[in-house]
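So the structure is just underneath, and the comments pick up after that.
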Amino acid sequence: MRYRRLGITGLEVSELSYGTWVTFGTQLDQTHCTRMVQHAFSRGVNFFDCAEVYAEGEAEKLLGVALRELPRSDYVVSTKIYWGGTGPNKEGLNRKRLVEGTQASLQRLGLTHVDLLYCHRPDPHTAVSEVVRSMSLLVQRGCMHWWGTSEWSAAQVREAFECAERLHLVPPSMEQPQYNLLTRQRVEQELSPLCTNPGLGLTTWSPLAYGVLTGKYAKGFPTGSRLEKEVWLRKRCIPEVQQCVKQLGALAAQAGMTTAQAAIAWCLRRSEVSTVILGATSTAQLDENLAAAELGAHCDGAFWTRVDDIFAGLSLEAEAG
Ligand code: NDP
């Protein structure tokens with residue numbers, strides 16, 4: 001496993017990390033979650049991603065128990081605050097939400113602090129200056145080492161930086177955007193300059209577009225797969241995409257990779273990406289996906305241009321999940 005710096009924080013994260021969305025608490029029970037975390041850790045994964053909203057808090061509980069087996073200084077863990085339930089003050093980024101949401105997350109995880117805490121989405125009802133003040137307060141209280149954003153536009157992230165500088169507060173250190181062959185614009189065109197200056201780290205999500213980029217949905221929705229259950233995620237299972245995925249599979253095979261491995265390695269080719277957060281429901285999937293880094297390292301620029309050419313005609317940015 002290779003490790004990359006998270007922007008200018010100095011923190012080292014495994015270039016492939018492991019997330020818990022849909023899987024923990026929905027598809028996998030405690031025994032399986034613990035096995036997946038231990039397996040990932042044994043293969044060099046040191047970053048585990050979660051959120052308060054995943055399985056309505058259950059994912060944090062399951063991840064917390066699984067992490068108890070590991071030395072605290074050897075792993076990096078994150079959670080995300082935004083959706084804390086229904087009713088007044090249960091959603092968004094106002095100070096009450098952020099402070100109380102973070103406390104509740106730490107309690108579920110059984111930790112004194114997380115390493116990274118994200119604002120899971122931008123909040124149109126809370127001023128960015130308020131968010132920066134609240135996150136600075138939480139850093140000072142020791143609830144997390146660094147704070148960041150998820151699915152914020154570059155303009156919103158820049159505003160947070162400027163606000164922190166003006167008010168002598170703690171700036172965001174990382175952003176968590178979706179990044180895969182079907183959704184690439186925000187990372188490559190918007191956020192990339194911020195990675196150079198002031199040095200934002202990127203922890204990217206859904207490298208396989210929920211599994212679509214494995215090719216497993218070419219002939220329908222296999223029993224037990226994510227898209228069999230989560231019908232609302234099927235938007236990108238359209239013939240045009242399936243055709244591209246098929247071509248990706250043929251090209252990947254020439255390079256000795258599976259379709260999934262090529263899709264994951266494609267994300268890693270960009271130096272702005274600090275870590276690609278994988279999802280997996282079995283150790284076999286995890287092993288296949290973790291091998292992508294090494295296999296992809298042997299591919300040259302001409303190979304990635306051919307991959308880009310396959311997907312060039314698609315315009316699915318608006319379908320980001
Ligand atoms: P992927 O796009 O990689 O999808 C993962 C799913 O695809 C797996 O759970 C599995 O589902 C299937 N899969 C994975 N590998 C294989 C394989 N080799 N062969 C066949 N099927 C495979 O990632 P996720 O969508 O899970 O996102 C990764 C992480 O990113 C999340 O866990 C979460 O931590 C984070 N995230 C963050 C978001 C944000 O807003 N900040 C939003 C979404 C995710 P199955 O076996 O059920 O078919």
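Given their separation in residues at 0.36 nm each and the Cα-Cα distance between them, residue 304 and residue 68 gain 81.0 nm when the chain is fully extended.
Counting only the Cα atoms, the chain fills a convex hull of 125 Å³ per residue. The angle between the Cα long axis of helix 95-109 and the main principal axis of the chain comes to about 60°, on a 0 to 90 degree scale. Along the axis of the charge dipole computed for region 22-145 (Cβ charges of +1 for Lys and Arg, -1 for Asp and Glu, origin at the Cα centre), the listed residues 114, 143, 54 are led at the positive end by 143. Taking packing as the residue-averaged number of other Cβ atoms within 10 angstrom, the listed peptides 133-139, 166-172, 296-302, 201-207 run from highest to lowest as 201-207, 133-139, 166-172, 296-302.
Calculate what fraction, in whole %, of the accessible area of region 89-173 sits on carbon and sulfur atoms when a 1.4 Å probe is rolled over the protein chains.
Numbers: 1820 of 3800 Å².
Solvent-exposed carbon and sulfur of region 89-173 make up 48 percent of the total.
Taken along the Cα-to-beta-carbon direction at a fixed 7 Å, the label points for residue 238 and residue 129 span 4.3 nm.
Computing FRET efficiency as 1/(1 + (r/R0)^6) for residue 137 and residue 271, where r is the C-beta to C-beta distance and R0 is 41 Å, gives about 0.80. Placing dummy labels 7 Å off each Cα toward the beta-carbon, the span from residue 287 to residue 96 is 5.1 nm. Cross-link check: pairs 61/246; 61/235; 80/229; 90/229 evaluated at a Cα-Cα cut-off of 32 Å; pairs beyond the cut-off: 61/246.
The values are calculated or read from the model by the stated rules, or taken from the named source; none is laboratory data. Everything quoted here is computed from the prediction, not taken from an experiment. Ideal geometry is used to build each Cβ from the backbone, glycine not excepted, and the neighbour counts take in all protein chains shown. The area values use the complete protein model at the heavy-atom level, side chains included, leaving out ligands, DNA and RNA. Shrake-Rupley method; radii C 1.70, N 1.55, O 1.52, S 1.80 Å.
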